[in-house]
1. For the structure I just gave you, tell me whether residue 167 is under 27 Å from residue 87 (Cβ atoms) and out of contact with any Phe, Trp or Tyr (no Cβ under 8 Å at 6 or more places or on another chain).
2. With respect to residue 26, is the statement that it is within 25 Å of the chain's Cα centre (by Cα) and either closer than 22 Å to residue 94 by Cβ or free of Cβ contacts under 8 Å to residues at least 40 places away in the same chain (or both) true?
3. Of the conditions (1) closer than 26 Å to residue 129 by Cα; (2) aliphatic (A, V, I, L, M); (3) in a helix (DSSP H, G or I), residue 3 satisfies every one except a single condition; which number is it?
4. Quick one: which helices (runs of 4 or more DSSP H) lie wholly within region 45-147 and hold at least 3 residues that are touching a helix residue (DSSP H, G or I) at 6+ places or on another chain (Cβ under 8 Å) and surrounded by fewer than 17 Cβ atoms within 10 Å (Cβ to Cβ)?
5. Answer yes or no: is there a residue in region 8-19 that is surrounded by fewer than 19 Cβ atoms within 10 Å (Cβ to Cβ), at pLDDT below 95 and not aliphatic (A, V, I, L, M).
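The values are calculated or read from the model by the stated rules, or taken from the named source; none is laboratory data. No experiment lies behind these values; they were computed from the predicted model shown. Here the Cβ is made from the backbone with ideal geometry for all residues, glycine too, and neighbour counts use every protein chain on show.
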Amino acid sequence: MHIGLIGLGKMGGNMRTRLRNAGIEVTGYDRDPKVSDVADLAALVEALPAPRTVWIMVPHGDPTTSTVNALAELLGEGDLVIEGGNSRFTDDLVNSATLSAKGVGYLDCGVSGGVWGLENGYGLMVGGDGALVERSMPIFDALRPEGPREESFVHAGSIGAGHYAKMVHNGIEYGLMQAYAEGYELLAAKDIVTDVPGCFQAWTRGTVVRSWLLDLLVKALAEDPELAEIKGFVNDSGEGRWTLEEGIDNAVPMPVLAAALFARFTSRQDDSPAMKAVAALRNQFGGHAVTSAGAAASGPGGGSGS
């Protein structure tokens, strides 16, 4: 089997290696000529046998859209595009329609595994036509971990379902990470606890909170026990917001995800405008002391009310 792979960054490059290790021939294209196998998309398509399969692994949004549009002009009847980035599921319907007009099939595939996927394999969530999924199964089997297929692969449903499942997966991930982080901060704050990294390591076997994310936190704490080399500033790549928006649209309460996402927003503020307003209000209605800008915070103040 011979496929094309567009986007050879951290994940895409590792996926190319894992596919080749499994005996699948891969021609890769990247804008960086140092890692690319061919000079451009046209050369990539020319190198593939018909019917062609091209996997896209570029950032979501405009980079994916422009790549799909370019492939629509280069591919033909019976070819297939698999979109493996973190696209919003609504984009899949547009991408599919663009390619369908040229007789090109489309699958969306949510991919989980990060930089560890080369060694451990990737969890895969696919949306699209069942016949195209079956045609692509050698690719999926090469990428996923060894073991029962249903434990690392799902044909989640129609177009968009793969990325929708990955979106929810990432929303769950937000909540899990936030729970571990809050536990870390509380343990670190308590004077009777003298081995915070050891507590987390002790949870990695036999406890109900063991997980791969916990293993990764243990690894991070082994390298930097007080996380002194890391600033508490956390970005978000969009999937958490999209999941929360879907919760609102479908009247599904998601308080854990909301709190985790808003905690990331808080991490980016040096001085919260909202908390300034709260401090001003407490001073106005109850005479509570305020801390002037630039002064060190003090303990609980006097005054009446909340």
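1. On the way: under 27 Å from residue 87 (Cβ atoms): yes; out of contact with any Phe, Trp or Tyr (no Cβ under 8 Å at 6 or more places or on another chain): no.
Judged against the criteria, residue 167 is not a match.
2. Numbers: within 25 Å of the chain's Cα centre (by Cα): yes; either closer than 22 Å to residue 94 by Cβ or free of Cβ contacts under 8 Å to residues at least 40 places away in the same chain (or both): yes.
Considered against the rule, which asks whether it is within 25 Å of the chain's Cα centre (by Cα) and either closer than 22 Å to residue 94 by Cβ or free of Cβ contacts under 8 Å to residues at least 40 places away in the same chain (or both), residue 26 comes out as yes.
3. All conditions pass for residue 3, except number (3).
4. By residue number, 62-74.
5. yes
For (1) modelled with pLDDT of 95 or more; (2) exposed (fewer than 14 other Cβ atoms within 10 Å of the Cβ), each residue gets a yes or a no:
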position: 251; (1), (2): yes, yes
position: 261; (1), (2): yes, no
position: 264; (1), (2): yes, no
position: 270; (1), (2): no, yes
position: 282; (1), (2): no, no
